[in-house]
Amino acid sequence: MRHFLAVAEEGHIGRAAARLHLSQPPLTRHIQALEEKIGVPLFVRTPKGVTLTEAGRTLLEEVPNLLALTQQATERTRLAGRGLIGRLDVGLFGSGVLDVIPRMLARFHQARPEVKIVLHNLTKDRQLQALRERRITVGFNRLVPREPGISIETVLREPLAIAIAAAHPLAVRPSLRIPDLDGVPLIVYPNVPMRGLAQEVTDAFRAEGVRLRVEQEVEDVVTAVALVSAGFGAAITTQSATNLRLPGVIFRPLHSAWLKDLELSCLYRSGDASPALHAFLDVVRAFARDPRPRSS
């Protein structure tokens with residue numbers, strides 16, 4: 001198109017070749033190849049040079065648009081190659097959306113606002129399946145089992161806490177231990193199909209010889225804390241859940257040799273060369289080194 005534009009504007013093959021720093025024969029061949037590809041003559045050869053045919057004048061009107069689109073496509077390709085545009089599909093879950101994950105996403109969005117972030121609320125097994133099927137780019141979860149082709153990086157370890165009704169006798173204590181929960185109705189998360197916090201809680205109670213009384217099994221932390229608010233019992237959860245402010249619920253630190261903290265992991269396909277993913281992983285790793293909230 002640039003060759004065509006030069007010939008159209010100069011009206012002469014020789015002058016256009018000099019302008020383009022080409023010899024005349026290659027430029028002539030380029031114009032002939034263009035005419036053959038389009039299927040119509042674009043120039044009429046005259047003793048003084050060339051003039052545009054009607055088809056040539058029509059193409060000339062479109063050349064600026066074509067060149068602009070080419071430049072735009074080139075620039076967007078460069079940006080995509082540097083992870084500055086594109087799409088990031090993120091798998092997330094329950095308590096992770098209450099604090100840590102949104103802060104990482106905010107840092108990434110601030111640095112690369114043209115990358116579209118799409119969130120998918122998925123259980124652990126479905127995150128792993130979605131990664132294998134390339135339906136998500138990256139996921140976040142806890143107690144993730146090692147699997148071939150999946151890389152797992154620990155973002156941070158969160159202390160555990162007890163959500164309990166403010167009117168409960170245990171609420172007056174500044175912190176709680178597993179023996180304090182002997183016989184207390186607990187709201188837990190189901191274990192199927194993969195090991196989760198409920199199994200960790202069960203193992204801790206068994207190790208300390210404490211009776212575990214399961215009142216309800218729920219799918220997410222918001223429901224668990226809502227049931228605490230409604231008086232169904234207490235819930236063992238992570239520090240992120242303390243951001244939930246439901247009436248009649250307070251949180252107390254859990255001190256236990258068996259339930260000290262719970263990791264939050266980032267998982268992605270090993271060998272995934274996506275520039276957007278690697279830019280995001282840079283943010284995740286920086287957050288892992290310093291998870292403190294940034295001042296505005």
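Derivation of every value follows stated rules applied to the coordinates shown; laboratory data play no part. Just so we're clear, the structure is a prediction, and the values are computed from it rather than from any experiment. Heads up, the Cβs are rebuilt from the backbone with ideal geometry, glycines too, and the neighbour counts pull from every protein chain shown.
Name the trypsin sites (Lys or Arg not before Pro) in the stretch 189-296 that are in a loop by DSSP and that have at most 11 other C-beta atoms within 10 Å, would you?
211, 245, 294
Once both axes come from the Cα atoms, what is the angle between helix 275-289 and the longest principal axis of the chain, in degrees from 0 to 90, rounded to 10?
Approximately 30 degrees, to the nearest 10.
Determine the relative contact order of the stretch 26-74: mean sequence separation of Cα pairs under 8 Å and six or more apart, normalised by residue count, in whole percent. Before the final figure, lay out the partial values.
On the way: 22 pairs, mean separation 10.3, N = 49.
Relative contact order for the stretch 26-74 comes out at 21 percent.
Just to confirm the number: angle between the C-alpha axis of helix 54-81 and the first principal axis of the chain, 0 to 90 degrees, nearest 10?
30
Please report the antiparallel percentage of DSSP beta bridges with both residues in the stretch 87-296, rounded to the nearest 5. Could you put the intermediate results ahead of the total?
Numbers: 22 of 38 bridges.
Here the share of antiparallel DSSP bridges comes out near 60 percent.
In whole Hz, with x marking every Gly and Pro, tabulate ³J(HN,Hα) for the stretch 242-257 from phi via Karplus 6.51 cos²θ - 1.76 cosθ + 1.60, θ = phi - 60°.
So the J values, rounded to whole Hz, are 5, 6, 6, 10, 9, x, x, 10, 10, 10, 10, x, 9, 10, 8, 6.
Could you work out how far the C-alpha centroid of the stretch 1-33 sits from that of the stretch 156-206, in angstrom?
First find each Cα centre; the distance between them is then 78 Å.
If amide H atoms are built 1.01 Å from N in the plane of the peptide, which residues on other chains or at least 5 residues away come under 5 Å of the amide H of residue 117?
Close amide H contacts, sequence-distant or interchain: 88.
Please compute the net charge surrounding residue 227, taking Lys and Arg as +1 and Asp and Glu as -1 over other residues with Cβ under 15 Å from its Cβ.
Details: positive: 213; negative: 215, 217, 219, 220.
Net charge in that neighbourhood comes out at -3.
Mind checking the stretch 202-257 for GluC sites (Glu not before Pro) that DSSP puts in a loop (not H, G, I, E or B) and that have at most 15 other Cβ atoms within 10 Å? Mind showing how you got there, number by number?
On the way: sites: 208, 215, 217, 219; in loops: 208, 219.
Filter output for the stretch 202-257: 219.
Grab the Cα-Cα distance for residue 246 and residue 46, subtract it from 0.36 nm times how many residues apart they are, and report the gain in nm with one decimal.
Numbers: separation 200, 0.36 × 200 = 72.00 nm, distance 8.53 nm.
This chain segment gains 63.5 nm when fully extended.
Three principal axis extents, largest first, for the C-alpha atoms of the chain, in Å?
So the extents along the principal axes, rounded to whole Å, are 104, 40, 31.
Local charge sum around residue 253 (other residues, Cβ-Cβ under 15 Å, Lys/Arg +1, Asp/Glu -1)? Numbers along the way, then the final one.
Working: positive: 157, 173, 177, 252, 260; negative: 158, 180, 261.
Charge balance near residue 253 sits at +2.
By how many nm would the segment from residue 63 to residue 199 lengthen if fully extended, with 0.36 nm per residue of separation less the alpha-carbon distance?
Details: separation 136, 0.36 × 136 = 48.96 nm, distance 6.61 nm.
Taking residue 63 through residue 199 to full extension adds about 42.4 nm, to one decimal.
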